[in-house]
Structures are given as C-alpha cells and as structure tokens.
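A short write-up of the structure that comes next.
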C-alpha cells in the first residue's frame, strides 16, 4: 500500500492532501494512512495553510561520477534525461552519463528503495524534492518545496 501512496503523491507533483489519500485509497480509514505515512524514510507531513499534506521523499541519489565502476549506492543516470531531455545525447560524442533507467545497477537500487514501480516522471519528481543538488542554483521562480531529509516538518 505504501507503493500506491508513493505513486499517488509523485503523480500529484510530490505532495497530496492527507484527506485525499484517505478518501481515494483507504475508503475513509485514516488509521491505515497514518500508519503508512509515519515512515519517515519515505514520507514527511506538513501543514501549509492549515491543511495537512504528505510529501514523498527518498535517500536515493544520482551518482555524480562520469566513470563510476558501479560500486556506489546511487543511480547511474543523466539528470537531464531524467528531467525529460538531454541535449548532449544529440551530439556526435553523446552524453557522458547513462540514459538507461532499466540497467541492472539502477534496477537493483530502485528495488532496494522500493521505487521500481515509479515512472521516469514520478521518479524525477521524487528525486527533485529529495536532493537539492539537482536544483538549479538559487532559482527564485521555482515553486517546488525542497526538504532537507533530516528535517521533520510536522510530526
């Protein structure tokens, strides 16, 4: 059930009202929702404007090394590809980073973090709000909420 909640949150641009989770996934049983979203590894709760929301998060990160031997615990994936378009893949030389979300290394990590069912877009949403290093430098126009993984918002 945590996977369904995670997918719903990531499809909802990273945050969903707690009431919507109860209504749409649990037929009005708030105890199940509360139990699942209390997992601080995967979820954080906040209360903007008096309405409780659940935000998805993960410890999974993208590998920064261009020639990593594959021994790290990070995804080997081009961040531009993850965001939807890599201009470097159009060049003759190609991109230095992987565009294979389905590689053995990446699939193993996605399974370990229970993220294998997320689409590229959902994974992008989750990684963007979990890893501030993926964000452009000081973009005041960005309206997305970024969370420090060690910061508990509500509970």
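The values are calculated or read from the model by the stated rules, or taken from the named source; none is laboratory data. If you're wondering where the values come from, they're calculated on a predicted model, not measured in any experiment. Here the Cβ is made from the backbone with ideal geometry for all residues, glycine too, and neighbour counts use every protein chain on show.
Take the conditions more than 15 Å from residue 42 (Cβ to Cβ), modelled with pLDDT under 75 and exposed (fewer than 14 other Cβ atoms within 10 Å of the Cβ) and apply them to residue 145. Does it pass?
No.
Please identify the pairs in which a residue from the range 67-82 that is touching a residue at least 40 places away in the same chain (Cβ under 8 Å) and on the phi < 0 side of the Ramachandran plot has its Cβ atom under 9 Å from the Cβ atom of a residue that is loosely packed, with under 14 Cβ neighbours inside 10 Å and in a helix (DSSP H, G or I), counting only partners at least 6 apart or on another chain.
Listed pairs, sorted by first residue: 82/120.
Going residue by residue through the range 116-127, is there one that turns out to be under 14 Å from residue 5 (Cβ atoms) and in a loop (DSSP other than H, G, I, E, B)?
The answer is yes; a qualifying residue exists.
Checking residue 41 against (1) under 27 Å from residue 75 (Cβ atoms); (2) in a helix (DSSP H, G or I): exactly one of these is not met. Which one?
Tallying (1) under 27 Å from residue 75 (Cβ atoms); (2) in a helix (DSSP H, G or I), residue 41 fails exactly one: (2).
In the range 8-37, what count of residues is obtained for those that are buried (at least 17 other Cβ atoms within 10 Å of the Cβ), under 14 Å from residue 56 (Cα atoms) and either touching a helix residue (DSSP H, G or I) at 6+ places or on another chain (Cβ under 6 Å) or in contact (Cβ under 8 Å) with a residue 40 or more places away in the chain (or both)?
Residues that pass the stated criteria total 8.
If you take the residues in the range 48-60 that are touching a strand residue (DSSP E or B) at 6+ places or on another chain (Cβ under 7 Å) and in contact (Cβ under 8 Å) with a residue 60 or more places away in the chain, which one is nearest to residue 104 (Cα to Cα)? Before you say what the answer is, go through the steps one by one.
First pass over the range 48-60, keeping only residues touching a strand residue (DSSP E or B) at 6+ places or on another chain (Cβ under 7 Å): 51-57, 60.
Imposing the further condition that a residue be in contact (Cβ under 8 Å) with a residue 60 or more places away in the chain reduces the set to 52, 55-57, 60.
On the way: 52: 38, 55: 28, 56: 25, 57: 23, 60: 16 Å.
If we take residues in the range 48-60 being touching a strand residue (DSSP E or B) at 6+ places or on another chain (Cβ under 7 Å) and in contact (Cβ under 8 Å) with a residue 60 or more places away in the chain, then 60 is nearest to residue 104 (Cα to Cα).
Report yes if some residue within the range 94-113 is touching a residue at least 60 places away in the same chain (Cβ under 8 Å) and surrounded by 14 or more Cβ atoms within 10 Å (Cβ to Cβ); otherwise report no. Steps first, answer last, please.
From the range 94-113, those touching a residue at least 60 places away in the same chain (Cβ under 8 Å) are none; that's our starting set.
Within the range 94-113 (the criterion being touching a residue at least 60 places away in the same chain (Cβ under 8 Å) and surrounded by 14 or more Cβ atoms within 10 Å (Cβ to Cβ)), the answer is no, since none of the residues qualifies.
Could you look through the range 87-109, keep only residues that are in a helix (DSSP H, G or I) and touching a helix residue (DSSP H, G or I) at 6+ places or on another chain (Cβ under 8 Å), and pick out the one that is modelled with the lowest pLDDT?
Looking at the filtered set, the residue picked out is 89.
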